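Structure first, commentary second.
The values are calculated or read from the model by the stated rules, or taken from the named source; none is laboratory data. Remember, predicted model here, so these are calculated numbers, not experimental data. Reconstructed Cβ throughout: ideal geometry from the backbone, glycine too, with neighbour counts over all protein chains shown. The area values use the complete protein model at the heavy-atom level, side chains included, leaving out ligands, DNA and RNA. Shrake-Rupley method; radii C 1.70, N 1.55, O 1.52, S 1.80 Å.
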Amino acid sequence: MTNLFLGFLVISFCLLGNLIHAADGSIHDYNNSGGFTKIANARYFVGGSEGIYGSEFLDVHHASSDTPLLKGNSFIRFDDITFVRTKESASKQNSTLAAAGLVEAILFEVKQRDRVGGSFFKSEDMCCTPKVADAGSCNLGEVMISADPNDPEWPKRIPTFFKRGEEEVKMSPEAVIIKKTGLYTVYFMTCDPELDGATIRGRTVWKNRGGYLQGEKAPLKKFYASMLLAYVVLGLVWFPQVAQYWKDGIQLHSHINFVIAFTMGELAFLYLDFVYLDSAGTSPMEVTVWAITLSSMRKALSRLLLLVISSGFGIVRPTLGGITLKMLLIGVLCFVISESLGLAMQFGNISENGMNYLMLSWAILETCFIQWIFRSLSKTLKKLKLNKRNITKLQLYKMFATVLVIMVVLSFAWIYVEVYLYSSLSQFWKVKWIVPTLWYILSYAMLVLICLFWPPSEKPMRYLYVADMEEETEEEDDLSTAETGMNATKAEYERSERKTLLEAFILLLGNIPGEK
């Protein structure tokens, strides 16, 4: 088991070092992002996909990137987009074709995706074919697009042409005003086979009417602020009690202190990260990394806290014995995998196989934690049932076990909800933000209950925190009884001895001569 943990640690640390770069929110940077991917008879590059709420002012269309009309509106802006092709491609361009060297930026709402490509025309191709062109539905060399009858301007295309001999061409700076609320996607596509190997530089800026936060994440800013306030209130109640009874505290209280402190730090950095993203579209990398790191530390400490309580450490057993090292190893492993997974999900700078490895590792680790926690809890309950004087502790642990079972059931149920929401993201993107919220709410509820079950006390030795107290009391009672019995026996012996001496003395007097 230990060797398995060490193997996971080594691989996870290797992945961790390759994940960090600049932290962007709704600014999609395409530098060093690779080239176009072939699909059917076209080549495409995914520019991004985000939820955007409709603009406040609906009497505008698209405008240049520096227009004041962008203020107060939602938009997708193309900044310094540059397409680069190979020298060989530049020399082979056929200038006689109208669409030679054409690259198109395609913007569409997710529910309009069937209108991009040949699906609407019952064709497997993405680019216009002679047959469809003869029907007057598209132009050769362009991506097939069927206009939405409810909004004829969408899906939208913005063309950019390479001139003969050019290796680079810069897209004209434009900002497309988003009028309708929806989940929008940007593709860069070309139908020119000579542009195989072309790459893209630059960025797109996506802005909602209230800020740069993605529409599906915007409500999380207020949620993190609310959770931070909730933990501050918990800390204001808990920390003074721990300080007041610090001489009588137990190790469990220190674990709770760490969990509360790290969670407050995590939520503070998450909120700060979202403030930066909302105001500028980017966040300092240090803030984002600290938020992920504190989150990973909180997850590791929270799981170790449950494991320590379930094992009865400081409550029904004085030490953890030989499992201490295993607990430390699985705690470090939890931190490393969580950190790697958080960075990978935030920055995306990892291969698909690497991401799959991290996801699988996290699932295995969570399964091990759950199994270990419930197995330890079962042993603790059995130990408490053997001693009739442990009724109070037994009832407390039964309540803890019930709460833990409820939390685990809710967690598994929420995983199914999460999978369903992500599988139907085009319909439920507005509520995607609630996915991480339940985990924070469950963690907070569990921590509050633990604080209520094992609060700091003036007399912690009375019945809650020391396993040997009741046994010592029994031994003292037995010793007291034994001493009392010995004293009683000694007194009885002395009385008997005095009585025997008195009878002997009387008998002696009866045998004295002349005394008849």
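Structure notes:
- The single condition among (1) open to solvent by less than 80 Å² (accessible area, probe 1.4 Å); (2) at pLDDT below 85; (3) not aromatic (Phe, Trp, Tyr) that Ile145 does not meet is (2).
- Residue within segment 285-296 that is surrounded by fewer than 20 Cβ atoms within 10 Å (Cβ to Cβ), of a type in the set (Asp, Glu) and farther than 29 Å from Phe369 by Cα present: yes
- Between Ile364, Ile370, the distinction of being part of a helix (DSSP H, G or I), of a type in the set (Val, Ile, Thr), open to solvent by 10 Å² or more (accessible area, probe 1.4 Å) and touching a residue at least 12 places away in the same chain (Cβ under 8 Å) belongs to Ile370 only.
- Any chance Val431 is part of a helix (DSSP H, G or I), more than 16 Å from the chain's Cα centre (by Cα) and without any contact (Cβ under 8 Å) to a residue 12 or more places away in the chain: yes
- Within segment 238-266, the set of residues being in contact (Cβ under 8 Å) with a residue 24 or more places away in the chain and within 12 Å of Cys451 (Cβ to Cβ) comprises Trp238, Gln241, Val242, Leu252, His253, His255, Ile256, Val259, Ile260.
- Given (1) of a type outside the set (Phe, Trp, Tyr); (2) open to solvent by less than 40 Å² (accessible area, probe 1.4 Å); (3) at pLDDT 85 or above, number of the condition Gln214 does not satisfy: (3)
Yes/no matrix, rows are residues, columns are (1) outside any helix (DSSP H, G or I); (2) of a type in the set (S, T, N, Q); (3) over 21 Å from Phe75 (Cα atoms):
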{"residue": "Gly118", "(1), (2), (3)": "yes, no, yes"}
{"residue": "Ala133", "(1), (2), (3)": "no, no, yes"}
{"residue": "Ser137", "(1), (2), (3)": "yes, yes, yes"}
{"residue": "Trp154", "(1), (2), (3)": "yes, no, no"}
{"residue": "Val176", "(1), (2), (3)": "yes, no, no"}
{"residue": "Tyr187", "(1), (2), (3)": "yes, no, no"}
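- Residue match in segment 105-115 (condition: at pLDDT 80 or above, surrounded by 19 or more Cβ atoms within 10 Å (Cβ to Cβ) and assigned to a loop (DSSP other than H, G, I, E, B)): no
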